[in-house]
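> Encoded as structure tokens, here's the structure I'll be asking about.
The values are calculated or read from the model by the stated rules, or taken from the named source; none is laboratory data. Just so you know, these numbers come straight off a predicted model, no measurement behind them. Note that each Cβ is placed from the backbone with ideal geometry, even for glycine, and that neighbours are counted across all protein chains shown. Side chains are part of the model used for accessible areas, which takes the heavy atoms of the whole protein and leaves out ligands, DNA and RNA. Shrake-Rupley method; radii C 1.70, N 1.55, O 1.52, S 1.80 Å.
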Amino acid sequence: MKKTGLAPTPIKNNRGYKEYTDSEVQYIKFITYLKRTEMPLSNIKEYIDFYFTDINFVNRKYDKWKAYGQ
């Protein structure tokens, strides 16, 4: 996962252990579920990239709509 850029970069604590946020853990679990379907990592990356692009698009539109209504 690390080579494809799918894995989040965790913060290391003062003892050098990696610490993941709850959302990062959920993200890793989601990728693991997709891998279990035998989807290639390249397709998973495409799927994830599309998801975040689409979500960002929706959020921008919502913010514009919200600002317009004020």
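> Over all alpha-carbon pairs in segment 9-70, figure out the percentage whose distance exceeds 16 Å.
On the way: 1209 of 1891 pairs.
The answer is 64 percent, as a whole percent.
> Can you list the aspartates and glutamates whose alpha carbon is less than 18 Å from that of LYS29, not counting same-chain residues fewer than 8 positions off?
Of all the aspartates and glutamates, those that pass the test against LYS29 - Cα under 18 Å, at least 8 places apart if same chain - are GLU19, GLU38, GLU46, ASP49.
> Just the number please: accessible area per residue for the chain, 1.4 Å probe, all protein chains included, in Å². Intermediate results must be reported in sequence, preceding the final value.
Details: 6280 Å² over 70 residues.
Ligands and nucleic acids excluded, the result is 90 Å² per residue.
> Any idea how far apart LYS12 and PHE30 come out in nm if each label point goes 7 Å out from Cα toward Cβ?
2.8
> Output the 0 to 90 degree angle, nearest 10, between the alpha-carbon long axis of helix 41-68 and the longest principal axis computed from the alpha carbons of the chain.
So the helix axis and the longest Cα principal axis differ by about 30 degrees.
> Report, to the nearest whole %, how much of the accessible area of the chain belongs to carbon and sulfur atoms, 1.4 Å probe, protein only. Let's see the in-between values first.
Numbers: 3470 of 6280 Å².
Carbon-and-sulfur percentage of accessible area, whole number: 55.
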